[in-house]
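K.L.:
One structure follows; several queries about it will come next.
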Amino acid sequence: MTDQIYYAGVLGSPIAHSKSPDIHQAAYQYLAAPIRYERFDLTQQQVDSFMASLPQRYGSTKYLAGFSVTMPLKAALVPYMAQLSSRVERLGVLNTVVFDREGIAHGYNTDVDGVRHALSTANLASTTVGSMGILGAGGTASAAIAAAADMGLSEVVLYVRNPDRAKDNLTVAEHYGLEAQLRKLTEFPQKVQAHQAVVSTLPAFAADWLVEQLPTQNLPPLLDVIYEPWPTALASAWQTAGAHVASGLDMLLYQGVEQVKLFTKKVLEQHTHNDWAIVTDQMATALGIARKV
């Protein structure tokens, strides 16, 4: 193992609430990976100067492992990448920047893995038929669409207030060969039982008004990407109905595990600790959640 210290961090604004440092530090401590992970409060207007400052800030981008990227930067950082994964090319958004051994920036999206694995903890197995209901539009909704394709679902239905905001999501669905529909958010309570899974990408409290209109039984597994405050009114309604629920912490955990794999690829000459189940457990403990196996 090299004695060189490498650097990583989470970029976004606001960022003080981010739990990414907790889970990444837990993973690197277990793996004995020489990575220091920080927070950077960064707005879209500051991206250009921040990216230009990296060689001076760290001596060389070769010493960067990578960045976790959150709102509002998931689309803003795409033009700064030298290479994009096929997933990012399709989605148009990233949540992970990885610097290779030459210091070249590569863009990835592990949010898709986070959605897929979080739903598996909510008792949803892969299938070859059926639809996913998605509340909201934007980058996380696009990740949910890609996850639906990975899980073998055949259709996505986006429930939105403003259909114009979801046009890019429809393009993503087309790229993945999925049927796609746009519906008004007000239609969701009447349609929810027709879906094999539901992903809510709405901000905290934005779905509260839907709760009293929901059926009280036979609800499909739900991933509500919020993790604070928790449970949301939507998640509470699901739990009261006896349905399976995953939270934003579950999504954060599993997308983070994939980031750790990417960040440590050049840092560790070999993964002497390659039991990723243990790494995942360490990260779950740092979040204060029990990992569902």
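What follows draws every value from the coordinates through simple rules; no lab data is involved. Just so you know, these numbers come straight off a predicted model, no measurement behind them. Neighbour counts are summed over all protein chains in view; Cβ atoms, including those assigned to glycine, are modelled from backbone coordinates with ideal geometry.
K.L.:
Based on the mean of other beta carbon atoms within 10 Å per residue, what is the order of 90-96, 181-187, most packed first?
P.N.:
The densest-packed peptide leads the list: 90-96, 181-187.
K.L.:
Determine the dipole magnitude for the chain: charges of +1 sit on the beta-carbon of Lys and Arg, -1 on that of Asp and Glu, nothing else is charged, the reference point is the Cα centre, and the result goes in debye to the nearest 20.
P.N.:
Value, rounded to 20: 160 debye.
K.L.:
Where does each of 252-263, 229-240, 145-156 land if you order them by average Cβ count within 10 Å, highest first?
P.N.:
252-263, 145-156, 229-240
K.L.:
So which of 74/191; 74/261; 19/74; 19/167; 62/265; 19/261 end up more than 22 Å apart by C-alpha?
P.N.:
Where the Cα-Cα span goes over 22 Å, the pairs concerned are 74/191; 19/167.
K.L.:
Quick check: the distance between the Cα centres of the range 214-293 and the range 76-150, to the nearest angstrom?
P.N.:
With the range 214-293 and the range 76-150 each reduced to a Cα centre, they are spaced 15 Å.
K.L.:
Sticking with this one: Can you pull the semi-axes for the range 154-225, root of five times each eigenvalue of the Cα gyration tensor, sorted largest first, whole Å?
P.N.:
Computed over the range 154-225, the values are 21, 15, 11 Å.
K.L.:
If you don't mind, there's one more thing I want to ask. Modelled label-to-label distance, residue 101 and residue 241, 7 Å Cα→beta-carbon offset: nm?
P.N.:
Between residue 101 and residue 241, the simple spin-label model gives 5.2 nm.
K.L.:
According to the Kirkwood expression over distinct Cα-Cα pairs, how big is the hydrodynamic radius of the range 163-293, in Å?
P.N.:
For the range 163-293, the Kirkwood estimate is 17.2 Å.
K.L.:
I've got another one for you. What are the ³J(HN,Hα) couplings of the range 164-174, residue after residue, when phi is run through the Karplus curve with 6.51, -1.76, 1.60 and θ = phi - 60°? Round to Hz, x for glycine and proline.
P.N.:
4, 6, 9, 4, 5, 5, 5, 5, 4, 4, 4
K.L.:
Restricting things to Cα coordinates, could you compute the convex hull volume per residue of the range 59-119 in Å³?
P.N.:
Taking only Cα atoms, the range 59-119 has a hull volume of 92 Å³ per residue.
K.L.:
Which cross-chain or sequence-distant (5 or more) residues have an amide H under 5 Å from the amide H of residue 65, H modelled 1.01 Å from N in plane?
P.N.:
Placed amide hydrogens put 7, 8 under 5 Å from residue 65.
K.L.:
Next question, about the same structure. Angle check, please: helix 139-150 long axis (alpha carbons) against the longest principal axis of the chain (alpha carbons), in degrees 0 to 90, nearest 10.
P.N.:
Taking the Cα atoms of the chain, the angle to 139-150 is about 80 degrees.
K.L.:
Placing +1 at every Lys and Arg Cβ and -1 at every Asp and Glu Cβ, with all other atoms neutral, what dipole size does the range 170-293 have around its Cα centre, in debye to the nearest 20?
P.N.:
Roughly 120 debye for the range 170-293.
K.L.:
Which net charge results when you count Lys and Arg as +1 and Asp and Glu as -1 among the other residues whose beta-carbon is under 14 Å from that of residue 13?
P.N.:
Once positives and negatives cancel, what remains is +1.
K.L.:
Positive end of the dipole of the chain, charges at C-beta (+1 Lys, Arg; -1 Asp, Glu), about the Cα centre: which of 241, 115, 66 has its Cα farthest in that direction?
P.N.:
Among 241, 115, 66, the one farthest towards the positive end of the dipole of the chain is 66.
K.L.:
Going by average Cβ density within 10 Å per residue, which order do the peptides 46-56, 62-72, 164-174 take, highest to lowest?
P.N.:
Top of the packing list down: 62-72, 164-174, 46-56.
K.L.:
How large is Rg over Rh for the chain, taking Rg from the Cα atoms and Rh as the Kirkwood inverse mean of 1/r across Cα pairs?
P.N.:
With Rh from the inverse mean 1/r over Cα pairs, Rg/Rh is 0.97.
K.L.:
Now for a different question. Would the range 22-67 count as rounded, prolate or oblate if I go by the C-alpha gyration tensor, calling it rounded below 1.5 in a/c and otherwise prolate when a/b exceeds b/c, oblate otherwise?
P.N.:
Oblate.
K.L.:
Please work out the FRET efficiency for the pair residue 182 and residue 213, using the Cβ-Cβ distance as r and a Förster radius of 22 Å; give the result to the nearest 0.05.
P.N.:
0.65
K.L.:
Also, quick follow-up: What does the charge add up to near residue 95, with Lys and Arg as +1, Asp and Glu as -1, over the other residues with Cβ less than 13 Å from its Cβ?
P.N.:
Spelling it out: positives minus negatives among the neighbours equals -1.
K.L.:
Need one word for the range 41-145: rounded, prolate or oblate. Basis is the Cα gyration tensor (sqrt eigenvalues a ≥ b ≥ c); a/c below 1.5 gives rounded, then a/b vs b/c decides.
P.N.:
It comes out prolate by the Cα gyration axes.
K.L.:
Something else: Using a simple charge model, +1 on the beta-carbon of Lys and Arg, -1 on the beta-carbon of Asp and Glu, nothing else, what dipole does the range 99-257 show about its Cα centre, in debye to the nearest 20?
P.N.:
300
K.L.:
Mind checking the angle between helix 248-263 and the chain's longest principal axis? C-alpha axes, 0 to 90 degrees, to the nearest 10.
P.N.:
Here the helix axis deviates by roughly 30 degrees.
K.L.:
Once you keep just the Cα pairs under 8 angstrom separated by 6 or more residues, what percentage relative contact order results for the range 12-135?
P.N.:
20
K.L.:
A further question on this structure: Given a cut-off of under 8 Å on Cα pairs at least six residues apart, what relative contact order in percent is computed for the chain?
P.N.:
19
K.L.:
Give the shape of the range 195-268 as rounded, prolate or oblate, defined through the alpha-carbon gyration tensor: a ≥ b ≥ c are the square roots of its eigenvalues, a/c under 1.5 means rounded, and otherwise the shape is prolate if a/b is larger than b/c and oblate if not.
P.N.:
Verdict is prolate for the range 195-268.
K.L.:
Per residue of the chain, what 222 nm ellipticity follows from adding -39500 (n - 2.57) for every DSSP H run with n ≥ 4, rounded to the nearest 500?
P.N.:
Theoretical 222 nm ellipticity from helices: -10500 deg cm²/dmol.
K.L.:
What does the charge count around residue 171 come to, taking other residues whose C-beta lies under 15 Å from its C-beta (Lys +1, Arg +1, Asp -1, Glu -1)?
P.N.:
Here the charged neighbours net out to -1.
K.L.:
What is the range 129-168's relative contact order, in percent, from Cα pairs under 8 angstrom and six or more apart in sequence?
P.N.:
52
K.L.:
Considering the options 84, 20, 276, tell which one lies farthest towards the positive end of the dipole of the chain, charges being +1 on Lys and Arg and -1 on Asp and Glu at the Cβ, about the Cα centre.
P.N.:
It is 84, whose Cα lies furthest towards the positive end.
K.L.:
In nanometres, what is the gap between the two model label sites at residue 56 and residue 205, each 7 Å from Cα along Cα-to-Cβ?
P.N.:
Reported label-point gap for residue 56 and residue 205 is 4.2 nm.
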